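Asks: Structure in structure tokens, see below.
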Amino acid sequence: MDHRSEVREFLSTRRDRITPDQAGLPAYGGNRRVPGLRREEVALLAGVSVDYYTRLERGDLSGTSDSVLDSLARALQLDEAESAHLHDLARTANASPGTRKPRKRAEGVRPSILRLLDAITDAPAMLRNNYFDYVAANPLGRALYSPVFAEPAPNSARFAFLNPAAPEFYVDWDKNTQELVATMRGEAGRNPYDKRLTDLVGELSTRSERFRTLWAAHNVRYHRTGVKRLRHPVVGDLELTYEAFDLPADPGLTLSTYTAEPGTPSADALRMLASWAATNAAPAPTQSAAAIEGRSE
């Protein structure tokens, strides 16, 4: 991933999506050659010169102060995730050659985290790393995502884009894939020199047209909470609320839990799934090969 291209395309796509009316500017003339704001309009809103903003949008964020980045984020109406991504891109631009290496990652999954997963008995719970591998899960989590865990190396991104069963399993496949790529974009911005992550992006770009299209949009988002609708091969449709928790002591690991609204068909289906998991002797949470393999690359 070329850093200057990443900066250029991120800023230009953010500029293209904002109309003068949305920015509170008069739309001078009826024949605008750009779908959104002009560069000079962004410069005006950010309080910088046109030449300076043009330099930034050409991919050169070196030496840019936090205050300018914040002004630019306001001008482009960036949300929290997008603003953080802009700062990450600037941090990379300002890094000295000696510091341009992958950030340290947690080595495997600590036994106390595995015990925590085992203690969550009434809700599916799964642990994924920053490469989107599912590295551990409780029995109900494995049962819920059984089509994904059926793969030799369970990976949410590869399953979503490369497995033909994914559009059936994810009821909102279009939305889910958009969110997934936007989350991957943020991860790539935080750790642009991680070869394993770059290889994953390259693999998906080569094998999935859907992924290539979404990656080119440069959208960024946080994946913290929301509703996931699944069509499970055993219990049918489920509508579950997920919560995602980053583990500060284990960089790169995210714990996700899923619950159903009490008294709903989804709650009944989740209980059926728990019975099915117990009957089929779903394994206790253990580290997958992905958890052990090169996590500090």
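The values are calculated or read from the model by the stated rules, or taken from the named source; none is laboratory data. Model, not experiment: these values are computed from the prediction. Every residue, glycine among them, receives a Cβ derived from its backbone with ideal geometry; neighbour counts consider all protein chains shown.
To keep it simple, each residue is scored yes or no on (1) aliphatic (A, V, I, L, M); (2) part of a loop (DSSP other than H, G, I, E, B).
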residue	(1), (2)
PRO152	no, yes
PRO167	no, no
ALA182	yes, no
ALA188	yes, no
PRO192	no, yes
ARG196	no, no
VAL201	yes, no
LEU204	yes, no
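Asks: Step by step: first the residues of the stretch 15-66, then only those that are in contact with a helix residue (DSSP H, G or I) (Cβ under 7 Å, 6 or more places away or on another chain) and basic (Lys, Arg), then the one that is surrounded by the most Cβ atoms within 10 Å (Cβ to Cβ). Which residue is that?
Replies: ARG15
Asks: Continuing with the same structure: Those residues that are surrounded by fewer than 19 Cβ atoms within 10 Å (Cβ to Cβ) and assigned to a loop (DSSP other than H, G, I, E, B), I need them from the stretch 228-252; list them, please.
Replies: PRO233, VAL234, LEU247, PRO248, ALA249, PRO251
Asks: Select from the stretch 67-83 the residues that are free of Cβ contacts under 8 Å to residues at least 24 places away in the same chain and more than 24 Å from the chain's Cα centre (by Cα) and write down the one among them that is surrounded by the fewest Cβ atoms within 10 Å (Cβ to Cβ).
Replies: SER67
Asks: Let me ask something additional. Which of (1) over 30 Å from LEU116 (Cβ atoms); (2) out of contact with any Leu (no Cβ under 8 Å at 6 or more places or on another chain) does LEU162 not meet, given it meets every other one?
Replies: (2)
Asks: Return yes or no: is TYR193 touching a Gly at 6+ places or on another chain (Cβ under 8 Å), of a type in the set (Ser, Thr, Tyr) and under 25 Å from ARG14 (Cβ atoms)?
Replies: It is false that TYR193 is touching a Gly at 6+ places or on another chain (Cβ under 8 Å), of a type in the set (Ser, Thr, Tyr) and under 25 Å from ARG14 (Cβ atoms).
Asks: Condition first: farther than 24 Å from ASP268 by Cα, of a type in the set (Gly, Ala, Ser) and more than 16 Å from the chain's Cα centre (by Cα). Can you find one or more residues in the stretch 183-200 that meet it?
Replies: no
Asks: Test THR264 against the stated conditions and say whether it is in the same structural domain as THR177 (by TED's automatic domain parsing) and under 15 Å from ARG142 (Cα atoms).
Replies: Spelling it out, it is not the case that THR264 is in the same structural domain as THR177 (by TED's automatic domain parsing) and under 15 Å from ARG142 (Cα atoms).
Asks: Here is a further query. Might you check whether a residue that is modelled with pLDDT of 95 or more and within 28 Å of LYS195 (Cα to Cα) occurs anywhere in the stretch 14-35?
Replies: yes
Asks: Quick check on my filter: what residues within the stretch 209-227 are part of a loop (DSSP other than H, G, I, E, B) and not polar (S, T, N, Q)?
Replies: ALA217, HIS218, VAL220, ARG221, TYR222, HIS223, ARG224 - these are the residues of the stretch 209-227 that are part of a loop (DSSP other than H, G, I, E, B) and not polar (S, T, N, Q).
Asks: If I filter the stretch 147-155 for residues that are without any contact (Cβ under 8 Å) to a residue 24 or more places away in the chain, among the aliphatic types (A, V, I, L, M) and in contact with a strand residue (DSSP E or B) (Cβ under 9 Å, 6 or more places away or on another chain), do I get at least one hit?
Replies: yes
Asks: Can I ask one more? Return yes when TYR170 is assigned by TED's automatic domain parsing to the domain that holds ALA260, buried (at least 22 other Cβ atoms within 10 Å of the Cβ), under 20 Å from ARG210 (Cβ atoms) and not hydrophobic (A, V, I, L, M, F, W, C) and no when it is not.
Replies: So TYR170 fails the test.
Asks: Filter the stretch 42-57 for residues that are over 25 Å from the mean Cα position of the chain (by Cα) and charged (D, E, K, R) and give the result.
Replies: Across the stretch 42-57, the qualifying residues are ASP51, ARG55.
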